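Take a look at the structure set out below.
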Amino acid sequence: MAHAAQCYIDGRWVEPVAPRWFDMVDPATEAPVGRLALGNDVDVDRAVAAARHAFSAYAEWSVADRIALLKRIVARYEARVDAFADAMRVEMGAPAAFARTAQAARGPAHLNALVDVLDRFAFDTQQGTTRLRLEPVGVCGLITPWNWPINQIVVKIAPALAAGCTMVLKPSEYSPLSALLFTDVLDEAGVPPGVFNLVNGDGPGVGAAIAAHPGIDMVSFTGSTRAGILVAKLAAETVKRVAQELGGKSANILLDDVDLDQAVTRGVAGCFTNSGQSCSIPTRMLVPRHLMNDAAQIAKRAAESYRTGAPDDPATQLGPLVNGNQFERVQALIHTGIDEGARLVTGGPGRPDGLTRGWFVRPTVFADVTPDMTIAREEIFGPVLSMMPYDTEDEAIAIANGTDYGLAAYVQSADLERARRIARQLRAGGVHLNYPAADFHAPFGGYKRSGNGREWGEAGLREYLENKSIVGYGND
């Protein structure tokens with residue numbers, strides 16, 4: 001495991017001052033695959049000092065130089081794309097095909113989007129005799145989760161680099177391999193010493209130190225709402241900017257004019273994306289009440305067609321959950337769904353047949369779920385779909401909006417204008433009509449307890465910029 005025992009500070013791989021060892025485990029086999037050295041607050045101090053020292057010079061880089069840097073990063077990433085896919089297959093159990101075509105592919109997609117944004121972005125504009133200037137916010141603390149390791153790392157690092165910021169990254173201790181590999185890519189691409197720094201660690205040991213550090217000007221966090229609240233409280237002491245992408249419980253409204261077989265089948269696929277370990281996937285399927293029984297049978301057939309198994313098997317569609325704690329949480333929520341009276345259509349507690357080791361979950365579908373049930377309110381983070389009946393469009397909108405979350409929502413209809421009308425009434429940061437392809441320029445983020453701020457594309461870049469007004473600047 002290259003560099004698993006080291007931090008990356010000021011352009012060099014260095015030893016943590018007092019490492020604590022974390023055992024990395026293959027979630028498909030529960031077998032150890034290596035040990036990771038976790039840093040502490042002293043390592044964060046070292047990394048922040050390097051980032052602060054590098055900031056003034058890097059902030060003056062021209063836009064053309066930043067674009068050239070991002071392009072070099074893309075080229076070196078693409079030369080290692082198979083290694084990134086292998087890393088995510090091992091560290092989080094992503095099936096090989098999904099790791100290659102979805103997980104690993106997100107890195108270049110977001111980097112190229114930022115190149116496109118920078119190519120046309122105006123950092124200076126004129127308003128009368130006032131000059132409006134956008135400048136880098138400073139040193140950024142970046143804290144990322146395990147479920148989409150490279151995606152979440154790149155959507156923070158790329159805009160920070162594009163803006164002229166320097167940074168300290170703490171990736172999840174459950175998915176460090178892809179972060180270590182990306183650090184090598186940044187080094188090879190010529191990111192100046194101190195501009196990017198990496199300290200591995202857990203939330204209490206390193207994440208908290210980053211959030212509270214007086215030398216950090218902004219913290220960008222992706223993770224659970226519970227952890228996001230702690231980050232915000234720690235950051236408040238130094239009045240630093242906080243951008244957060246947190247949990248979700250996204251509704252998928254199927255209107256009565258859809259092709260039911262297609263809408264339900266694709267909805268199941270969306271819910272099972274990344275073995276259900278995604279914050280923005282459609283986990284609540286809202287179905288007209290008179291179509292519920294038919295929809296449930298379609299969902300049953302779709303769910304039972306999924307092959308769960310070893311991530312290195314090309315036929316595998318669903319891999320394991322990332323760790324034992326996540327497995328136990330999902331199992332408990334499945335039991336809760338049964339106990340509270342939801343109709344179990346397929347799946348249920350326990351591992352899939354034939355799998356005795358690894359944190360695999362049976363693809364599960366519940367029907368006749370009501371808004372008061374736990375599985376309708378709490379983020380499950382596993383391959384578990386909750387199907388909920390409704391009688392009118394207004395009721396569907398109320399159910400969709402009736403959670404603490406507001407990250408994403410989905411609407412399916414044969415009438416695009418009807419879908420648009422409903423989309424405008426949904427309290428979510430991103431609404432997806434008729435299962436569209438991903439748009440890497442579209443702002444990504446949520447309402448309510450799904451966070452604040454936005455990532456992806458131009459909106460992501462703006463998070464890392466400060467507004468300056470130079471009044472009396474003149475007209476030239």
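None of the figures in this text is laboratory data; all of them are computed from the coordinates on show. What you see is a predicted model; the values in this text were computed from it and never measured. For neighbour counting, all protein chains shown are included, and Cβ atoms are generated from backbone atoms with ideal geometry for every residue, glycine included.
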Could you give the nm distance between label points at Glu417 and Asp259, where each point is 7 Å from its Cα heading toward the beta carbon? 2.3
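What pairs from Lys170/Lys448; Lys448/Lys468; Lys240/Lys448; Lys249/Lys468; Lys71/Lys233; Lys300/Lys448 go past 30 Å between their alpha carbons?
Too far apart for the 30 Å limit: Lys249/Lys468; Lys71/Lys233; Lys300/Lys448.
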Using distinct alpha-carbon pairs, which all enter the 1/r mean, Kirkwood radius of the chain in Å: 23.0
Relative contact order, percent, of segment 81-191 when contacts are C-alpha pairs under 8 Å separated by at least 6 residues? 29
Using 0.36 nm per residue, how much length does the chain from Ala332 to Ser469 gain when fully extended, once their Cα-Cα distance is taken away? 44.0 nm
With the crude spin-label approximation of a point 7 Å out along Cα→Cβ, what separation in nm comes out for Arg12 versus Ala438? 3.7
Treating the beta-carbon of each Lys and Arg as +1 and of each Asp and Glu as -1, no other charges, what is the dipole magnitude of the chain about its Cα centre, to the nearest 20 debye? 380
Nearest-ten-degree value, helix 324-339 long axis tilted from longest Cα axis of the chain: 30
What is the projected area of the convex hull of the Cα atoms of segment 344-476, averaged over all directions, in nm²? 13.6
If I model a spin label as a point 7 Å beyond the Cα along the Cα-Cβ vector, how far apart are those points for Leu132 and Ala31 in nm? 5.9
At 0.36 nm per residue, minus the direct Cα-Cα distance, what do Asp184 and Arg72 gain on full extension? Give it in nm, one decimal, please. 39.1 nm
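May I ask you to compute the full-extension gain from Thr101 to Ala398, defined as 0.36 nm times their residue separation minus their alpha-carbon distance, rounded to one decimal in nm?
Extra length available between Thr101 and Ala398 comes to 103.3 nm.
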What does a probe at Ser224 reach in segment 349-371, counting residues whose amide N is under 20 Å from the point 7 Å along Cα→Cβ? 359-361
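Can you work out the FRET efficiency for the pair Val239 and Asn293, with r the C-beta to C-beta distance and R0 = 51 Å, to the nearest 0.05?
Calculated value: 0.40.
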Could you tell me which residue out of Gly354, Leu333, Cys271 lies farthest along the dipole of segment 250-440 toward its positive end? Charges go on the beta carbon: Lys and Arg +1, Asp and Glu -1, centred on the Cα centre. Gly354
Longest principal axis of the chain (C-alpha) makes with the long axis of helix 176-189 (C-alpha) an angle, in degrees to the nearest 10, of 40
Mark the label point 7 Å from the Cα of Ala64 along Cα→Cβ and return the residues of segment 118-157 whose backbone N is within less than 18 Å of it. 118-124
3J(HN,Hα) from dihedral phi, segment 18-31, Karplus parametrisation 6.51/-1.76/1.60, rounded to Hz, x for glycine, proline: 8, x, 10, 9, 10, 7, 7, 10, 6, x, 7, 10, 6, 8
